[in-house]
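The values are calculated or read from the model by the stated rules, or taken from the named source; none is laboratory data. Predicted model only: the values in this text are computed from it and were never measured. Here Cβ is always computed from backbone atoms with ideal geometry, including for glycine, and neighbour counts include all displayed protein chains.
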């Protein structure tokens, strides 16, 4: 209920120009939206956000499913690894980001050790504009992977044993079992994860704030950082709320599209 | 299944054993992916500067020290951050749980006009991305004069559609007869909730409470916006302050500060894992 009013207020603000200080916001029509798309800077932010979201969601779902299949084998020690893998999901994103700043440090971090093992020197992950976004993507995936794996594991455990037994009797190998039985039966889980992970990837903030602050030279400015930065560093309330509206519309569109898609495809 | 164990067992034992070998290897690799960063982080918090700055990387510290914690404390007011975090997390969690219990009770048991419609309305709030509402919430808090106050930190997050939904589902699974009996005995709504619903729904309430606690403790973007004096910062935002205040040159202090932020929730998670994982991974909706 605290969520609806801000949306309406936000729509209004996106048609105004304001700096938090002047007594009132002036209506300027579509100026903020036009300003956003008048240069390449904002479309680049959107493109970067798209790369971020697609890579984070796809990679964490693929790796998470692989991890879940491994957990489903019930090898000794699995429970401990499950706990370990899930823990980053419940720990502060700012703290996780700080830990990875140390790992990525080109002088004292693990990164130097790994790259020197391959005979090269470590890139300056967070201060080099061609590496920074990837550093943040790696951290985001690492933080969410265990959660994805456990959700998939819950899904796998709900598949009736007889179904797999039947497939085995029909002579299905492991890969065929996975492709024809397990993966299709997991489609509601996949659907749930795609939506929740997409929404959270769009709003990723603490990792960016902690590791790069949107830099270097805007290389890690995603939509969520842009919204924050425009409002609270540049006091362009109108521009920030226009960008917020774009995020809102995109996320709503994704949710609606996925529900449409799911009506046709997920039933089995 | 048990009818022909002799025919099946030899093949079965040779099948799983091969996968077991690969599986163990994969499991160890997976464990290392999570363990190595955590180990490096915790060990660095206790390493001396000489050890941190030496190369090759010293995986096993030469000697242990608490200096990093002292340094973190001199660089940033961590005791104040801790107080703020505890106040915000404790009050925020309690309010969130109380509100979720009463809303869920109303939706689950009380007849009122437009209930269905209101419930859908509330579920819709689950879909509204929190980041979109930040700016307007900030303006509201500003107009109320609550910037830099605990009230400003806590209030916007108090209504939890997620918690309400989870409790609502659980409440509806409770036996209706008990509640009817309570009503016949003349118990009011408050009595019904306190002496019947809460004891019966204890696991669900614990789950909602723990998830609320974790969210409050880890919250980052709202405390960053809603406070602007160092002394009102919570621990995660305090970490950003520590880093900007020369932490990047002092890995030991930064890791000590990080350990301080992480440890309480790590302990909560280890102790109450069952409730937390069930709530986060088992339910179909999240925030």
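Observations, loosely collected:
- Region B:35-57, residues that are more than 7 Å from chain A (Cβ to nearest Cβ) and either surrounded by 17 or more Cβ atoms within 10 Å (Cβ to Cβ) or touching a residue at least 40 places away in the same chain (Cβ under 8 Å) (or both): B:38, B:42, B:43, B:45, B:46, B:47, B:48, B:49, B:51
- Selected residue (only one of B:175, B:199 is closer than 17 Å to residue B:107 by Cα and surrounded by fewer than 18 Cβ atoms within 10 Å (Cβ to Cβ)): B:175
- Qualifying residue in region B:125-136 (condition: more than 8 Å from every other protein chain (Cβ to nearest Cβ) and without any contact (Cβ under 8 Å) to a residue 60 or more places away in the chain): no
- All of (1) more than 11 Å from chain B (Cβ to nearest Cβ); (2) in contact (Cβ under 8 Å) with a residue 60 or more places away in the chain; (3) more than 18 Å from the chain's Cα centre (by Cα) hold for residue A:233 with one exception: (2).
- Hits in region B:178-196 - residues which are part of a loop (DSSP other than H, G, I, E, B) and surrounded by fewer than 13 Cβ atoms within 10 Å (Cβ to Cβ): B:185, B:186, B:188
- Among the conditions (1) free of Cβ contacts under 8 Å to residues at least 24 places away in the same chain; (2) over 19 Å from the mean Cα position of the chain (by Cα); (3) facing chain B (nearest Cβ under 8 Å), the only one that residue A:84 does not satisfy is (1).
- Within region A:215-225, the residues that satisfy the criterion of being in a loop (DSSP other than H, G, I, E, B) and either buried (at least 23 other Cβ atoms within 10 Å of the Cβ) or in contact with a strand residue (DSSP E or B) (Cβ under 9 Å, 6 or more places away or on another chain) (or both) are A:220, A:221, A:222.
A quick yes/no check of all residues on (1) facing chain B (nearest Cβ under 10 Å); (2) under 23 Å from residue A:199 (Cβ atoms):
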residue: A:24; (1), (2): no, no
residue: A:32; (1), (2): no, no
residue: A:43; (1), (2): no, yes
residue: A:48; (1), (2): no, yes
residue: A:62; (1), (2): no, yes
residue: A:79; (1), (2): yes, no
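- Identity of the residue in region B:231-255, modelled with pLDDT of 90 or more and surrounded by fewer than 23 Cβ atoms within 10 Å (Cβ to Cβ), that ends up nearest to the other protein chains (Cβ to nearest Cβ): B:240
- All of (1) touching a helix residue (DSSP H, G or I) at 6+ places or on another chain (Cβ under 9 Å); (2) under 30 Å from residue B:155 (Cβ atoms) hold for residue A:57 with one exception: (2).
- Filtered residue count, region A:127-150, keeping only those that are crowded, with 22+ Cβ neighbours inside 10 Å and at the interface with chain B (Cβ under 10 Å from one of its Cβ atoms): 7
- Conditions (1) buried (at least 17 other Cβ atoms within 10 Å of the Cβ); (2) modelled with pLDDT of 90 or more; (3) more than 30 Å from residue B:223 (Cβ to Cβ); number of the one not met by residue B:32: (1)
- Residue in region B:66-75 that is out of contact with any helix residue (DSSP H, G or I) (no Cβ under 8 Å at 6 or more places or on another chain) and in contact (Cβ under 8 Å) with a residue 12 or more places away in the chain present: no
- Of all the listed residues (A:92, A:87), the sole one being under 30 Å from residue B:21 (Cα atoms) and either crowded, with 23+ Cβ neighbours inside 10 Å or modelled with pLDDT of 90 or more (or both) is A:87.
- When the criteria are applied in full, residue A:110 fails the requirement of being within 8 Å of chain B (Cβ to nearest Cβ), crowded, with 18+ Cβ neighbours inside 10 Å and under 26 Å from residue B:21 (Cα atoms).
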